Amino acid sequence: MSGDVRGLGCHNHIESNNIHLYDQTVELRRTVVGYCRVSTEQQAEGGISLAAQRSQIVGYCLRNDLDLVDVIVDGGQSGKDLDRPGFKRVIQLLESGQVYGLVIAKLDRLSRSIIDICKLVDQYFSNQKYALLSVSENIDTKSTSGRLHLYLMSVFAQIERESIVERVTTAIRHYQAQGGRVGCAPYGWRYSDRLDARGNRILEEHPQQQAAIVRMCDLHDAGKNLREIIEILTEEGHPPQRAGKWSINSVWRILIRCGKHIPRERPQIQRRANLAEVGQKAMKLRADGKSYREIAREMNRDGLRLEHRDKGWQAASIADLIDRTATRDTKTAYGLACQLRTQGHSLREIGRMLLAEGHRPTRGEYWHAATVRNLLLTRGGVAV
């Protein structure tokens, strides 16, 4: 009888311990951290977006009986990647076990990149170790349907980001075409509150910076080199425009603008008059399946040379010749893509322009970003 009682007491003790551990686990799973983000410093300092996000997060936690330990803010941080100081603190809290979940007001405040969101879900929120909770989209990654909803919303977030980039780029180019200035004023000048006839802010002289420019020119006329000019400007307390200290490039550009320093012109490389002819021959041999070494041997045997070049062909010089020829030939998809890329167009824009010019990919009907990238990694359609 006494043995049964002792056994029952031991069983009750184990059961009470299990209940205590369960309560601790439930309590931890209610502990969350909030995260807010805005894209510009102006929004961080005086905007209402951060206050609105914080209010949404606090209200969500109150309604769902969650213990909100902190609301971490990233002010003036873009959503194109996850390299942000505030978000790194969030990850540290999750990995250290201090919180169980992350609460955000909206998915695009976390990231606008599909790759980054998928990476986060796979690494932290897919195995139900941590929870990602979104107020606006009603996302809860503890369930399979919640994770599916998250993936779908991340696609729309990235499309929205790309649309914003396109709209802003178009607006800036139009503004510049109308004579507007974009970016910081050049050293020695500042934007005034006065507007011109088109509504653009008028540049006016910055007295302190103009004095620094005059001092630079005087020192240059006295025979001081760039490093000596920097030392004197620093000693006399002339501050640079943005950086903490003067650099050789910044002083060099200002002196060029003032006409005090004329950069040396590089000697022009003599143009190869028969580059297109020799290059086309090499590309034809490459299209026939010959290696760079075989092409070099055949062209050396036939005596094919570039004008003003007596050296024989090697495999490396043949590869360079084919690349130069294909890049210059804008009639080919590769040449046109190279030219558009150097002009700063995105992969998607290049794909649309290739299609408009009648260039079709080897597989499929449309140029995707991946197929354009693969095209740029080849020489005239031949893998490097």
So, of the residues in region 71-84 that are modelled with pLDDT of 85 or more and touching a helix residue (DSSP H, G or I) at 6+ places or on another chain (Cβ under 8 Å), which turns out to be nearest to Ile159 (Cα to Cα)? Asp74
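One line per residue, one yes/no per condition, for (1) assigned to a loop (DSSP other than H, G, I, E, B); (2) over 23 Å from Gly279 (Cα atoms); (3) modelled with pLDDT under 80; (4) touching a His at 6+ places or on another chain (Cβ under 8 Å):
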| site | (1), (2), (3), (4) |
| --- | --- |
| Leu340 | no, no, yes, no |
| Arg352 | no, yes, no, no |
| Leu355 | no, yes, no, no |
| Arg363 | yes, yes, yes, no |
| Thr371 | no, yes, no, no |
| Asn374 | no, no, yes, no |
Considering only region 326-338, how many residues are modelled with pLDDT of 70 or more and assigned to a helix (DSSP H, G or I)? 6
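The values are calculated or read from the model by the stated rules, or taken from the named source; none is laboratory data. What you see is a predicted model, and the numbers here were worked out from it, not measured in a lab. Note: ideal-geometry Cβ built from the backbone for every residue, glycine included; neighbour counts use all protein chains shown.
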